[in-house]
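So the structure is just underneath, and the comments pick up after that.
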C-alpha cells in the first residue's frame, strides 16, 4: 500500500527563534513535511516558486510587508491554503478576508505550555487547510435532497440559527449583511476561541444593519433586529421565557470537539414548540451541527446547507446533507435570497 503523501508546509515568520520552533514542532507530525522557512514576504515569494508548498504558515506582523498585505498580493497569483499566526488582534479577520483559511494565536510571553499548544493547534489546522477549496469557484445550485416544498402562507419567521466552522467568518458575513435592520432575531455559533468572538461580533456590528452582540453570560432577549454570537468558550442555547425567546450562555464539555457547539444550539432551537425557524449550516470540517439540523427539520424548521462549490471546507454541510437534514442546498451567494424566498422572513 503506498504511503500517504505528506503535506508540504512553508513557515513564514520574522522571528528566527519562533520560525524554527514552529518548523521543528510541526515537522514532528508524520503527515507534515516542512519544505522551508522564510523570514519575510519576499523570501516567502521566492520559496513558494521553488518548493510549491501545499500550505503556508504565515505570521501577520512582519517588517517590510505585513502578512495581510502579502496575502492580498499572493492569492491572485498563487492561490493556496494559508494558516495565519497572530497575536490576539482583530487583524486576523483582515487576514481571513484576504483569503487565509484559519488562524492560530501566538502564546503569551512566559505562559507555560504556550508554544506546545500553538504547535498542536497549528498541526490540526494545517491538515484541515490542506483540504480547503481556495479561489473563486463557479457557483451552481445543487438539487435538494428532500425536494421539500418551500413554506408558504406568509408566516413570520421567529428565529434564524446559523452554524459554521473553517471558512465561516466570511460566509456568515455575506449572509447577514444582506439582512435588514428589522430582520427576525438570529443566533450564531462560529467555532472560534474566546476573545476573538467578541472582536468578531464587534466587527459584524460595524458592518451589518442588524445589531450584533457576543452572547452575555446573563442571557439576551431575542428580538427583531438583533444577532447573538456564541462566546468562544460557552455553549449557546435558546429557550422560551415569560418575556419571549432568550439565550443562555454557559461553559460546558466539548460536544463534537467544540465549545461552543453548533449541535447544542440547533438542538435547543428544535425543542422550542410553536415557533417558525430557519436553520443554516455553513462551511466547516467535521460533523458538528448535522444532527441538530436534522432535529430542527423534524420539528418543522426550514433548513439550508451551503453547497460544495462555495464551501471552503465541505464537511459539516456534507454530513448534514447526507443524513437528509437539509431542505435545500445552495451556493453561499444564494442563501440570503433563499431565506427571504421561504416567505418565513418578512
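The values are calculated or read from the model by the stated rules, or taken from the named source; none is laboratory data. Since this is a predicted model, take the numbers as computed values, not measurements. As a convention, Cβ positions derive from the backbone with ideal geometry for all residues, glycine included, and neighbour counts pool all protein chains shown.
Report the residue count in region 43-72 for those that are free of Cβ contacts under 8 Å to residues at least 40 places away in the same chain and over 23 Å from the mean Cα position of the chain (by Cα).
Count: 11.
Looking only at residues in region 83-127 that are over 18 Å from the mean Cα position of the chain (by Cα) and on the phi > 0 side of the Ramachandran plot, which one is surrounded by the most Cβ atoms within 10 Å (Cβ to Cβ)? Working first, answer last.
Within region 83-127, the subset over 18 Å from the mean Cα position of the chain (by Cα) is 87, 106-120.
Next, from what is left, pick out any that are on the phi > 0 side of the Ramachandran plot: 110, 113.
Details: 110: 6, 113: 9.
Restricting to residues being over 18 Å from the mean Cα position of the chain (by Cα) and on the phi > 0 side of the Ramachandran plot, the top hit is 113.
Counting just the residues of region 312-346 that are out of contact with any helix residue (DSSP H, G or I) (no Cβ under 9 Å at 6 or more places or on another chain) and in a loop (DSSP other than H, G, I, E, B), which one comes out surrounded by the fewest Cβ atoms within 10 Å (Cβ to Cβ)?
Among them, the one singled out is 343.
Here are 249, 277, 309, 268: which of them is modelled with pLDDT of 95 or more and touching a helix residue (DSSP H, G or I) at 6+ places or on another chain (Cβ under 8 Å)?
Values: 249 fails: touching a helix residue (DSSP H, G or I) at 6+ places or on another chain (Cβ under 8 Å); 309 fails: touching a helix residue (DSSP H, G or I) at 6+ places or on another chain (Cβ under 8 Å); 268 fails: touching a helix residue (DSSP H, G or I) at 6+ places or on another chain (Cβ under 8 Å).
Only one candidate qualifies: 277.
Of the residues 131, 80, which is under 16 Å from the mean Cα position of the chain (by Cα) and either closer than 19 Å to residue 9 by Cα or at pLDDT 95 or above (or both)? Before you say what the answer is, go through the steps one by one.
Values: 80 fails: under 16 Å from the mean Cα position of the chain (by Cα).
Every option except 131 fails the conditions.
Looking at (1) under 22 Å from residue 312 (Cβ atoms); (2) crowded, with 17+ Cβ neighbours inside 10 Å; (3) touching a strand residue (DSSP E or B) at 6+ places or on another chain (Cβ under 7 Å), which is the only condition residue 68 fails?
Unmet for residue 68, out of (1) under 22 Å from residue 312 (Cβ atoms); (2) crowded, with 17+ Cβ neighbours inside 10 Å; (3) touching a strand residue (DSSP E or B) at 6+ places or on another chain (Cβ under 7 Å): (3).
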